Amino acid sequence: MKDAPLTKDQAKAQLNLCLDDGWVIYTRHFKQELAGDGLTTEDVLAVCHSGVILMAPEKDIKTGDWKYRIEGCTADYEDVGLIFALKPERKAVFITAFKRSHG
């Protein structure tokens, strides 16, 4: 999926397909960020299913993949952002996670 980026709706739909019936890959950095922010994989799923992609995708300089940012709330109402890339054959690669602050 390196040629043209997906629309926000297409990227969210593809992400949900990966979560429901595909492959999900958590990078080492992603796992470290989750642990550092006290987040769990359940939090990731909550954000992915209920969150919104608001920003246009960015091209990753190293891989050439389009990176998407989804933002949403965990079950504990914490605002979280996740950066992910989509690969062929229903694979989603989670790159980083962060809690969003207001103010």
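What the table shows:
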read-out: Residue of R90, R69, R28 that the Gaussian network model of the chain assigns the largest fluctuation, springs spanning Cα pairs under 10 Å; value: R28
read-out: FRET efficiency estimate (nearest 0.05) - Cβ-Cβ, A13 to Y77, R0 30 angstrom; value: 0.75
read-out: Helix 8-21 axis, angle to the chain major axis (alpha carbon atoms, nearest 10°); value: 80 degrees
read-out: Ellipsoid semi-axes in whole angstrom, largest first, where each is sqrt(5λ) of the Cα gyration tensor of the stretch 8-99; value: 19, 15, 13
read-out: For the stretch 51-66, 3J(HN,Hα) per residue [Karplus equation, 6.51 cos²θ - 1.76 cosθ + 1.60, θ = phi - 60°, Hz, x = Gly/Pro]; value: x, 10, 8, 9, 9, 5, x, 10, 7, 6, 5, 6, 9, x, 6, 7
read-out: Lys, Arg +1 and Asp, Glu -1 on Cβ, resulting dipole of the chain about Cα centre, debye, nearest 20; value: 420 debye
read-out: Percent RCO, i.e. relative contact order, over the chain, from Cα pairs under 8 Å lying at least 6 residues apart; value: 33 percent
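Bear in mind these aren't lab numbers, they're just calculated from the coordinates by the rules spelled out. Just so we're clear, the structure is a prediction, and the values are computed from it rather than from any experiment. Neighbour counts are summed over all protein chains in view; Cβ atoms, including those assigned to glycine, are modelled from backbone coordinates with ideal geometry.
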